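Just below is one structure, and these are the notes that go with it.
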Amino acid sequence: MKQALSTLVIHDIKNSLALLEADLEQLNHHPDMPEEARRAYQRCSELKGRLVSFLTLYKHEQFGLQPNPVELDLREFLQDTLDVSPSASGKHGHALTLELDESRIRIAPGLKHGGTAQLDEYLTGLTIESALNNAVRYAAGKVRLWFEQDADTVTFFVQDDGPGLDHPSGNAPSTGVGVALCKAVAEAHGGGEVSLSDAPDGGALFRLALHTA
């Protein structure tokens, strides 16, 4: 199959998944909908996200990502990302809490325009959503999100309260797409760092450092 045709097919699948996701979201507004409908919505959203990530990586490999930095209010950006995330459940089917952890936000003293940064909103949002989806798969009850900022870098953190990396059932990305996407977005922002490690207070900790424009 020719490359152009393959790309068109993948885009068509992505659009179909978006329509299915919208239908499932509407179903989830009904209070008497079964748990299976909620899980189907969550899985559909995750699948669409992976496909979007794949298309973004394809674009990166073929043409390179060209970021479009805009001034982001970092708290508002992260809260908006959480607000549009599908209602989630943890490994044992319990409802999860996804929260912006204000107590862990750190901004360098004296930093002009602290709490805002020049970043590509779409690309940065994709990486955070990918990290959230992975954290949700392993969390027991809570996923926390926050950032730290200095003069030329913003570092985003996503932490779950699951078993961590060393446990046999611990965090392992379902594909390499998520990690590759984060590295591509960091590269597009002039460099940065991506890591997944055990958190000092338990669970797994995702870290993404991006250079700001």
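What follows is calculated from the coordinates using simple rules that are stated; it is not laboratory data. Since this is a predicted model, take the numbers as computed values, not measurements. FYI the Cβ positions are ideal-geometry reconstructions off the backbone, even for glycines, and counts take in every protein chain you see.
Just a few scattered comments:
- Distant-in-sequence amide contacts of Ser85, defined by a placed amide H-H separation under 5 Å and a gap of 5 or more residues or a different chain, comprise nothing.
- Using a cutoff of 8 angstrom between alpha carbon atoms and counting only pairs six or more residues apart, the relative contact order for the range 3-211 works out to 19 percent.
- Computed from label points 7 Å out along Cα-Cβ, the spacing between Ser197 and Gln26 is 4.7 nm.
- Overall form of the range 3-211 per C-alpha gyration tensor (a/c, 1.5; a/b vs b/c): oblate
- By the count of neighbouring beta-carbon atoms within 10 Å, fewest first, Val154, Val84, Val143 end up ordered Val84, Val154, Val143.
- A straight chain from Glu121 to Thr155 at 0.36 nm per residue would run longer than the Cα-Cα distance by 10.8 nm.
- Hz values of 3J(HN,Hα) by residue in the range 30-38 - Karplus curve (6.51, -1.76, 1.60), Gly and Pro given as x: 7, x, 9, 6, x, 4, 4, 5, 5
- Residues Asp73, Asp160, sorted so that the one with the fewest Cβ neighbours within 10 Å comes first: Asp73, Asp160
- Virtual spin-label span in nm between Ala37 and Asn15, 7 Å along Cα→Cβ: 2.8 nm
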